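The structure appears right after this line, and notes come after that.
The values are calculated or read from the model by the stated rules, or taken from the named source; none is laboratory data. None of the values given here were measured: they were computed from a predicted structure. All Cβ positions, glycine included, derive from the backbone under ideal geometry; neighbour counts span all protein chains shown. Calculation scope for accessible area: heavy atoms of the full protein, side chains included, ligands and nucleic acids excluded. Shrake-Rupley method; radii C 1.70, N 1.55, O 1.52, S 1.80 Å.
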Amino acid sequence: MEAAAEAGNLAGVQHIILVLSGKGGVGKSTISTELALALRHAGKKVGILDVDLCGPSIPRMLRAQGRAVHQCDGGWVPVYVDQEQSICLMSVGFLLENPDEAVVWRGPKKNALIKQFVSDVAWGQLDYLVVDTPPGTSDEHMATVDALRPYGPLGALVVTTPQAVSVGDVRRELTFCRKTGLRVLGVVENMSGFVCPHCAECTSVFSRGGGEELASHAGVPFLGSVPLDPELTKSLEEGRDFIREFPESPAFPALLSIAQKVLTEAPARVP
Amino acid sequence: MEEVPQGCPGTGSAQAGRGASCQGCPNQRLCASGAGAAPDPAIEEIKEKLKTVKHKILVLSGKGGVGKSTFSAHLAHGLAEDENTQVALLDIDICGPSIPKMMGLEGEQFLEDNLGVMSVGFLLSSPDDAVIWRGPKKNGMIKQFLRDVDWGEVDYLIVDTPPGTSDEHLSAVQYLSAAHVDGAVIITTPQEVSLQDVRKEISFCHKVKLPIIGVVENMSVFVCPKCKKESQIFPPTTGGAEVLCQDLKIPLLGKVPLDPHIGKSCDKGQSFLIDAPDSPAALAYRGIIQKIQEFCGLHQPKEEHLISS
């Protein structure tokens, strides 16, 4: 069906996972980062490709902002965020001279850079490549899926928050997955509730129940609800390893269950 | 980075499509044909069409999920509470059109006599329909919305945008360039991951010479409905919008607390200002809306002699 993937920069990558959502601000970058950290703790080598060109959040979440990108024979060398070189990252954030500078590009220019990120980054040997995307169903998403298709992505994690306004957008994202032949590994409901640190009352800050209903409606697995935890937000702001530092957090079980799903998922076909 | 022309001469330049850095750019042929240099006739057409629209406000944010649509909807509701004020709300988030749901509309354009809404959401037959369009097609839709919708006599046109700094934003600014735009309201939440995108949005506004009315900080503080104590769900690790506004010398229009009722009202398509009029969040919204009205009142376009109401 597709041409066999050339021995190129993705030849050493075992599994590719996309993190999608129709909706902005639901926690795609958060989930991408925590998934990568959880996979690392499971002994895996992980790469993160951040194709959000307008709002590249991942470098800061892994304390890698301002790092330089070097060239090698195979192309760009991804930035390693740890000494052990178990997590590496490529983001447009590294290519900007000034972090406050806006990337004001129309579609074709964005598509060109995404193609380069997929084919011209020397990822090396990776167990997992997690691809974090911007919200929507447009140029970046089409370019990413097209560029990755020859390598047989494992599938997509689709992130929502509970309220109807998010679910409304994420339904469209699920349609995008169907239309582009991208398997949905499951739906993650983020920001599920907030436990008051003073009185332990749990409030549904962004309504409730939408994620599970959406998964059921679309016939895809529901991977869990991640509650709001200010410690998680702070960890990401400061580029700390939440998985290692906060195993007692109410967010921890759901994040681990997402990682488990990814670890135990078998490819639909050999890439 | 040879495929992404850093040395792009600009689509309007004489070198467009012809420069060395144009080689390999997907737009090269288009630019070389000179199409990029000629101004789009739609710009003048839109200027004419929008002559009956007194004030135009863009609601922006670099970051997704901070509450642009929520704010746009409530700005529209708040302004339209005065039945003598004609308000129009245009949703140019083509991929994720939230406004119809938030306004409780299933295809009708008019919510009240004096509040009209337009969104690509109205053109989709099913809630599962995905709008999988590349930039040029999205731009075409935005042009149509601005040029082909009969807005009529409108006091305020509010334009709700998707997150980012891309096609939709460039098109909105480009097509509105001849029609006077009062300015942009920029929405953020307190944490740095939002602020870092908002700084880019502010830089975008400066680049395209779009005045900034001010910044709104959403989801500022959470008050537990049970014990009434405050928590910061999205901690302002770098000082929140307050410090950002001080640093960049931009007005902070207000801070809106995180009230679970806001989300519920939006899900039901109702105005939170009516559902919970005395709540701190509703009061914060009203204060912000008043500041926006004052800004618009102070910055009347010179060619029109308007008597302020």
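Please identify the pairs in which a residue from the stretch A:95-123 that is open to solvent by 40 Å² or more (accessible area, probe 1.4 Å) has its Cβ atom under 6 Å from the Cβ atom of a residue that is among the acidic types (Asp, Glu), counting only partners at least 6 apart or on another chain.
A:Arg106/B:Asp167
Read through the list (1) buried (at least 20 other Cβ atoms within 10 Å of the Cβ); (2) within 18 Å of the chain's Cα centre (by Cα), then give the number of the only condition that A:Gly168 fails.
The number of the failed condition is (2).
Filtering the stretch B:250-276 down to residues that are modelled with pLDDT of 95 or more and open to solvent by 40 Å² or more (accessible area, probe 1.4 Å), which residue is farthest from B:Val215 (Cα to Cα)?
Within the stretch B:250-276, the match that is farthest from B:Val215 (Cα to Cα) is B:Lys255.
Which members of the stretch A:147-166 meet the condition of being outside any strand (DSSP E or B) and either charged (D, E, K, R) or within 12 Å of chain B (Cβ to nearest Cβ) (or both)?
A:Arg149, A:Thr161, A:Pro162, A:Gln163, A:Ala164, A:Val165, A:Ser166
Going through B:Asp155, B:Asp182, B:Asp197, B:Asp167 one at a time, which residue ends up being open to solvent by less than 20 Å² (accessible area, probe 1.4 Å) and out of contact with any helix residue (DSSP H, G or I) (no Cβ under 7 Å at 6 or more places or on another chain)?
Exactly one of B:Asp155, B:Asp182, B:Asp197, B:Asp167 is open to solvent by less than 20 Å² (accessible area, probe 1.4 Å) and out of contact with any helix residue (DSSP H, G or I) (no Cβ under 7 Å at 6 or more places or on another chain), namely B:Asp197.
Evaluate the following for B:Glu230: is it within 10 Å of chain A (Cβ to nearest Cβ), modelled with pLDDT of 90 or more and surrounded by fewer than 22 Cβ atoms within 10 Å (Cβ to Cβ)?
Criteria met by B:Glu230.
What do you reckon, is B:Ala241 farther than 21 Å from B:Gly64 by Cβ and in contact (Cβ under 8 Å) with a residue 12 or more places away in the chain?
no
Of all residues in the stretch A:178-199, count the ones that are within 19 Å of the chain's Cα centre (by Cα), surrounded by fewer than 24 Cβ atoms within 10 Å (Cβ to Cβ) and of a type outside the set (Gly, Ala, Ser).
Residues that pass the stated criteria total 6.
On the given criteria, is B:Glu83 closer than 27 Å to B:Val256 by Cβ, at pLDDT 75 or above and surrounded by fewer than 17 Cβ atoms within 10 Å (Cβ to Cβ)?
Here the answer is yes, as B:Glu83 does meet what is asked.
Please find, among A:Thr144, A:Thr137, A:Thr133, the residue that is facing chain B (nearest Cβ under 9 Å), β-branched (Val, Ile, Thr) and touching a residue at least 40 places away in the same chain (Cβ under 8 Å).
None of the others qualify; the one that does is A:Thr137.
Within the stretch A:73-80, identify whether any single residue is touching a Lys or Arg at 6+ places or on another chain (Cβ under 6 Å) and at pLDDT below 90, and answer yes or no.
For the stretch A:73-80, residues touching a Lys or Arg at 6+ places or on another chain (Cβ under 6 Å) and at pLDDT below 90: absent.
Regarding the stretch A:167-189, can at least one residue be identified that is among the aromatic types (Phe, Trp, Tyr), more than 9 Å from every other protein chain (Cβ to nearest Cβ) and touching a residue at least 12 places away in the same chain (Cβ under 8 Å)?
Looking for residues that are among the aromatic types (Phe, Trp, Tyr), more than 9 Å from every other protein chain (Cβ to nearest Cβ) and touching a residue at least 12 places away in the same chain (Cβ under 8 Å), one finds none in the stretch A:167-189, hence no.
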